[in-house]
Amino acid sequence: MDESKAPKFLTRIDNYLLKFKLGKAWEDYFIFRLYVIVLTGYGFLIYLLTTDSNILIKIIVFPFGFLVYYLVGLVLSTWYFTRLLMRLGVVMVLIFGTIALVTNVINKEGSGIDVVFKNAVKKVNNDNYDEAIRDFSKVIEMDNKFDSAYYYKGYSYFMLSNYTEAIIDFNKVIDLDSLNLEAFNLRGLCKLNLGLYNKAIDDFDIILKHDRAFTNAFYHKGLALTGLEQYKIAEQNYSIAIYLDSTNYEFYFYRAFVRKGLEEYTAAISDFNISIKLNDRFPKSYYHRALCKIYIDDKEGACLDLKIAEKLGYKVSDVYIKLACN
């Protein structure tokens, strides 16, 4: 009998038995059962590893799944399957099964990164910055192109006042995404806090080149200009910030501060008034308004403001107390 034309795999085994070719019959029977077991076991292993079902459900489903895979393998192996086709079938199952498993491992790794990243973000939200930095570092080890991990890691360093390390991470964010304006903003703030005013202004100018409605870029640029004692240009930036958001007491405070520096005391007092109206618990507004009142010879008003500032916890110089209150 021509083995390549055998109509059924098991029929060929029967023919071997009838002809007392026990060795070949056993060989075919062994191969037949082996292929069925491989198809069954490997197929169900793929099911177990690639589904997200609860483990209890998998255990319950296992006997039924195994039976289905076994019957499918049995039918396929007995119905018009030569030895060659059986081997090809198993090879295809192994190839595509392996692809499924590898894809699943990759997806599991991805979800692992997501879990670590999300937990790290929660730690940031809970002000647990040191642990968050360690977790973001793990994320970056798994994927060194994860720009959000660099961003939050830099933000964590920023909140810990470690501005040099923060700049390194924000640099990486900007390398990966040159249009991440928030990264430019925070990098600019780091430079501002390090006294690198001109370099900070460069970052804020990049933001404003792309987005003229980025309120904090005007505000922070104003702070950098204030640090350079360029009060007039700083005033202009604070004014734009106020135009974009008239509810922020700090914008009015700093515009008042530079107006005081420009010796525009009446205008400064007007801004300090608004700042206090928006936040009456900010002692610096009372203190600097008092200084303006001293300059315009309103000692009574100055004395009252100095006492309020002191009451709110601001350290007031005895010199000014004597000057205004005596």
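Throughout, read-outs are computed from the coordinates displayed, never taken from laboratory work. As the structure is a prediction and not an experimental result, all values here were calculated from the model. Neighbour counts are summed over all protein chains in view; Cβ atoms, including those assigned to glycine, are modelled from backbone coordinates with ideal geometry.
A few points about this structure:
- Full extension of the chain between ASN171 and ASP245 gives 23.8 nm of extra length, using 0.36 nm per residue less the Cα-Cα distance.
- Scoring 142-149, 223-230 by mean Cβ neighbours within 10 Å over their residues and listing the highest first yields 223-230, 142-149.
- Pairs beyond 22 Å (Cα-Cα), from LYS277/LYS307; LYS232/LYS322; LYS122/LYS153; LYS122/LYS284; LYS260/LYS284; LYS199/LYS232: LYS232/LYS322; LYS122/LYS284
- Between the beta carbons of LYS307 and ASN144, assuming R0 = 56 Å, the FRET efficiency works out to 0.50 to the nearest 0.05.
- Of the trypsin sites (Lys or Arg not before Pro) found in the range 244-326, the ones in coil according to DSSP and having at most 13 other Cβ atoms within 10 Å of their Cβ are ARG281, LYS315.
- Charge sum, other residues only, whose C-beta stays under 14 Å from ASN193's C-beta, Lys/Arg counted +1 and Asp/Glu -1: +1
- Counting beta carbons within 10 Å around each of VAL115, VAL316 and listing the fewest first gives the order VAL115, VAL316.
- Neighbourhood charge, 15 Å Cβ-Cβ cut-off, centred on ASP318 and excluding it, Lys, Arg +1 and Asp, Glu -1: +2
- Each other residue within a Cβ distance under 15 Å of PHE170 adds +1 if Lys or Arg and -1 if Asp or Glu, for a net charge of -3.
- Label sites at SER178 and ASN128, each approximated as a point 7 angstrom past Cα along Cα to Cβ, lie 3.9 nm apart.
- Extension gain, ASN193 to VAL115: 0.36 nm times the residue separation minus the Cα-Cα distance gives 24.8 nm.
- Trypsin sites (Lys or Arg not before Pro) restricted to DSSP loop in the range 164-224 with at most 13 other C-beta within 10 Å: ARG212
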